[in-house]
1. For segment 53-149, rounded, prolate or oblate, judged on the Cα gyration tensor with a ≥ b ≥ c (square roots of eigenvalues), a/c < 1.5 rounded, else prolate if a/b > b/c?
2. Show me the GluC sites (Glu not before Pro) within segment 96-175 that DSSP assigns to loop and that have at most 16 other Cβ atoms within 10 Å of their Cβ.
3. Would you grab the residues whose amide H sits under 5 Å from the one on Val138? Only those 5+ places off in sequence or on another chain, please, with H modelled 1.01 Å from N.
4. Assigning unit charges at the beta carbon (Lys, Arg +1; Asp, Glu -1) and nothing else, what dipole magnitude in debye, to the nearest 20, does segment 84-175 show about its Cα centre?
5. Just to be sure I understand the model, the point goes 7 Å from the Cα along the line to the Cβ. What's the resulting Val96 to Arg152 distance in nm?
6. Whose amide H sits under 5 Å from the amide H of Asp122, counting only residues 5 or more places off or on another chain, with H placed in the peptide plane?
7. Can you work out the Karplus-derived ³J(HN,Hα) for every residue in segment 116-125? Use 6.51 cos²θ - 1.76 cosθ + 1.60 with θ = phi - 60°, whole Hz, and x for glycine or proline.
8. Treating cross-link reach as a plain straight distance, find the lysines whose alpha-carbon is under 27 Å from the alpha-carbon of Lys109, omitting any fewer than eight places away in the same chain.
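Every read-out reported here was derived from the displayed coordinates using simple, explicitly stated rules and does not represent laboratory data. None of the values given here were measured: they were computed from a predicted structure. So basically every Cβ, Gly included, is an ideal-geometry build from the backbone, and we count neighbours across all protein chains shown.
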Amino acid sequence: MSSSGKLTLAVVGLLLVWGIGVAPAQASDDTWISTKVRIALMTTDGAGRNAVNVNTEHGKVTLHGTVDSEAVKEKAEATARAVGGVTDVRNLLQVVKESRQESVKAADKDVKEAVEKALKADKSLDGIKVKSVDNGLVFLDGTASSLATALRAIEAVYEIPGVRQVSSGIVSKEK
């Protein structure tokens, strides 16, 4: 093989190795960004909460799903843009007016007990505690092993009747 052929082969080999090494790192960064955006949406009042889906590719976030007003759509986009690592936001959210039932009213004491029970039921959420409940606003505190675990806790709390909003002081051990 000629020296130029060997050089070409070496360059192609390096590019392949470099590409393989970068792809998993990028995927990991994108997963981290998606998780941070989900947490931000779920803990920001008026930003769509569970109705907004998030996909990230190379730092570019795509929001999709349905929301009930243009204001929520705009708030979701602004919230996503504020997350570190986000390079662009593509907002595909659709505004759909739905007749929603009145939110379930429950005593804060009952909501707190139900949230504590839900957190206790999942052993991976052991480090997360209810700091307070005020008029359906649940404030979570403590530590989680990962951002995904913190997100799972927030999602679990939203399933509790009477929870109007979740605010998070959860610290992730994952950096």
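1. Values: a/c = 2.68, a/b = 1.37, b/c = 1.96.
It is oblate, given that a/c is not under 1.5 and a/b is not larger than b/c.
2. Of the GluC sites (Glu not before Pro), the ones in loops of segment 96-175 whose Cβ has at most 16 other Cβ atoms within 10 Å are Glu98, Glu102, Glu159, Glu174.
3. Amide H neighbours of Val138: Arg164, Gln165, Val166, Ser167.
4. 80 debye
5. Roughly 2.9 nm, to one decimal.
6. Those qualifying (amide H under 5 Å, at least 5 residues apart or on another chain) number zero.
7. 4, 5, 5, 5, 5, 5, 10, 4, 6, 9
8. Answer for Lys109, where 27 Å is the Cα cut-off: Lys117, Lys120, Lys123, Lys129, Lys131, listed by chain and number.
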